[in-house]
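Below you'll find the structure, written out as C-alpha cells, and then a few comments.
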Amino acid sequence: MNNKKVVVLGGGVLGTQIGLMCAYYGYDTTFWLRSESSVGRTQPKIERYSALMLEDLAQAKALVGTPMGAFVYPRGLIKDWKAATAESLDELYAAGKKNLEENVHIELDKAAAVKDAYLVIESMSEDPKAKIDVYTQFKDLLDEDTILVTNSSTLLPSMFAEYTGRPEKYLSLHFANTIWKNNTAEVMGHPTTSPEIYNEVVKFAASIGMVPLQLHKEQPGYILNSMLVPFLSAAQGLWANGVADPETIDLTWQLATSAPAGPFKILDIVGLETAYNINQMKPASQQEGTTEYKIGKLLKEKIDKGETGVNAGKGFYDYTKK
Ligand SMILES: NC(=O)c1ccc[n+]([C@@H]2O[C@H](COP(=O)([O-])OP(=O)(O)OC[C@H]3O[C@@H](n4cnc5c(N)ncnc54)[C@H](O)[C@@H]3O)[C@@H](O)[C@H]2O)c1
C-alpha cells in the first residue's frame, strides 16, 4: 500500500476540491472518472479551483498583521496563521503550486485508479443507487487495507456499509464547500466502523488542513447539515410559495444577522443539482401542491436552463456580470 496515495471517486464540485486539498498537502492524488466526457467536465474544475486556492493564498500576504486577517485567511491552506509572514507565505505558495501541478492525476480505469491506495474518498452525486452501484464495482478492486470514506451530505454510512466489502474500514468524512477556506471535516462512523480506522481518518483530515469534527453516532445531515438543510429549505419554501424573491430573502438574512451571504447565494455555491437531489428525496416532493413539489419544479426549470449556480456562471444570481 502507498500511504501517500489518495483516490477520489467523482470529479464534481466537492470531489475536485477535496482532491486538490490532498494534492496541495503532498498526497499523490488520482481522480477516478467514469468517462471521457466526465474528464471534459472535471479538468476545467481542477484548473478553476487550483487557481482560486492559489489566488486566496497569494492574497493572504496582505492580511498578515491586520486585525481582520485571522478571520478571513484561507484556513485550510495555512496551518499556522500566527506564525505566517510574507516570506513564509511566499514559500508556501511555491510549494503548494508545485504540489497542485505535480500530484493530480485522472484515471478512467477502475483497477488502475485504486491500486495500492491508502484512502479512497467517494464524492459522487447524492444518489443512493449510483453510490451502491459504484461501491459494488470497486469492492473487489480495492487493496485489503484501503480505507473507504464517503463525502455524502445526507446519507448514512450504515446504508452502504454492506456493499463496500469492508464495513469496518468504511465511514463518512464530510467536507464543506470551498473547503480550502471552510475547513470542516465531519467524521462519522457507523456501528461497525473500527475505532482505529476512525482515528486514522481523523488524523488524515488534519493532515490536509481540515479541522476534524468528531460525531459520536450517526446523524442524518451530520452537525452542519442538521442546521443548514432546514435553513435552505425554509428559504426555498418562501420563494416557491411566492412570499418573496430570492434577493429579498437573502437581504433580510444578511441585514438581520450580519451574515456575509444569504440562503440563495449559499445555494448557488452548493450547486442547484445537489439542492434538487436533496429535494427529490423528500416524499412530499412527489406530491403535487406541496411546497417541496413546487421547490422541485422551480429548481428543475433552472437546472434545465443551465442555471446551476456559481460554477455555471448563473444560478439565482448572474456571475458573468462584472
Ligand atoms: N456541493 C456541496 O456543497 C457538497 C458539500 C459537501 C458534500 N457534498 C457531497 O459530495 C458528493 C458530491 O457532490 P457534488 O456537489 O460534488 O456533486 P456534483 O454533481 O458536482 O458531482 C457529482 C460527480 O459524480 C459523478 N457521478 C455521478 N454518477 C456517477 C456514476 N454512476 N459513476 C461515476 N461517477 C458518477 C459525476 O460525473 C460528477 O463528477 C455528494 O454526496 C454530496 O452530497 C456536496
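The values are calculated or read from the model by the stated rules, or taken from the named source; none is laboratory data. What you are looking at is a predicted structure, and each value in this text was computed from that prediction instead of being measured. Virtual Cβ from ideal backbone geometry, glycine too; neighbours counted across all protein chains shown.
Worth pointing out:
- Leading residue by the ranking (modelled with the lowest pLDDT) among those in the range 153-174 that are part of a loop (DSSP other than H, G, I, E, B) and in contact with a helix residue (DSSP H, G or I) (Cβ under 7 Å, 6 or more places away or on another chain): THR154
- Verdict on GLY289 being more than 22 Å from LEU224 (Cα to Cα) and surrounded by fewer than 16 Cβ atoms within 10 Å (Cβ to Cβ): yes
- In the range 27-44, of all residues being within 9 Å of the ligand (Cβ to nearest atom) and either aromatic (Phe, Trp, Tyr) or part of a loop (DSSP other than H, G, I, E, B) (or both), the one that is nearest to ASN99 (Cα to Cα) corresponds to PHE31.
- Here is the figure for the range 47-61: residues that are buried (at least 20 other Cβ atoms within 10 Å of the Cβ) and closer than 20 Å to GLU273 by Cβ total 1.
- Filtered residue count, the range 117-174, keeping only those that are more than 12 Å from the ligand (Cβ to nearest atom), in contact (Cβ under 8 Å) with a residue 60 or more places away in the chain and of a type in the set (Phe, Trp, Tyr): 1
- Checked against (1) assigned to a loop (DSSP other than H, G, I, E, B); (2) more than 12 Å from the ligand (Cβ to nearest atom), GLY11 passes all but a single condition, namely (2).
- Only one of the numbered conditions (1) within 25 Å of the chain's Cα centre (by Cα); (2) in a helix (DSSP H, G or I); (3) exposed (fewer than 13 other Cβ atoms within 10 Å of the Cβ) is violated by ILE278, and that is (3).
- Applying a threshold of 7 Å to beta carbon distances and a minimum spacing of six or more residues, or different chains, the list of pairs starting in the range 246-265 at a residue that is under 10 Å from TYR317 (Cβ atoms) and ending at one that is outside any helix (DSSP H, G or I) reads PRO246/PHE316; ASP250/GLY262; PHE264/PHE316; LYS265/TYR317.
- Residue in the range 214-231 that is under 23 Å from ASN3 (Cβ atoms) and touching an Asp or Glu at 6+ places or on another chain (Cβ under 9 Å) present: yes
- Whichever residue in the range 263-275 is more than 9 Å from the ligand (Cβ to nearest atom) and not hydrophobic (A, V, I, L, M, F, W, C) and, among such residues, is surrounded by the most Cβ atoms within 10 Å (Cβ to Cβ): PRO263
- Residue within the range 79-92 that is assigned by TED's automatic domain parsing to the domain that holds PRO191, at pLDDT 95 or above, within 16 Å of the ligand (Cβ to nearest atom) and not hydrophobic (A, V, I, L, M, F, W, C) present: no
- Residue match in the range 203-218 (condition: among the hydrophobic types (A, V, I, L, M, F, W, C) and more than 16 Å from the ligand (Cβ to nearest atom)): yes
- The combined condition, being in a helix (DSSP H, G or I) and over 16 Å from the mean Cα position of the chain (by Cα), is not fulfilled by SER50.
- Of all the listed residues (ALA206, ALA234), the sole one being surrounded by fewer than 20 Cβ atoms within 10 Å (Cβ to Cβ) and under 21 Å from VAL270 (Cβ atoms) is ALA234.
- Within the range 45-71, tally of residues that are among the acidic types (Asp, Glu) and touching a residue at least 24 places away in the same chain (Cβ under 8 Å): 1
- Residue match in the range 236-258 (condition: within 16 Å of the ligand (Cβ to nearest atom) and not assigned by TED's automatic domain parsing to the domain that holds MET124): yes
- Between LEU251, LEU255, the distinction of being surrounded by 13 or more Cβ atoms within 10 Å (Cβ to Cβ), more than 26 Å from PHE175 (Cα to Cα), out of contact with any helix residue (DSSP H, G or I) (no Cβ under 8 Å at 6 or more places or on another chain) and not hydroxyl-bearing (Ser, Thr, Tyr) belongs to LEU251 only.
- Restricting the first member to the range 91-112 and to residues that are touching a residue at least 40 places away in the same chain (Cβ under 8 Å), and the second to residues that are among the small types (Gly, Ala, Ser) and in a loop (DSSP other than H, G, I, E, B), the beta-carbon pairs closer than 9 Å and six or more apart or on different chains are ASN99/GLY26; ASN103/GLY26; ILE106/GLY11; LEU108/SER35.
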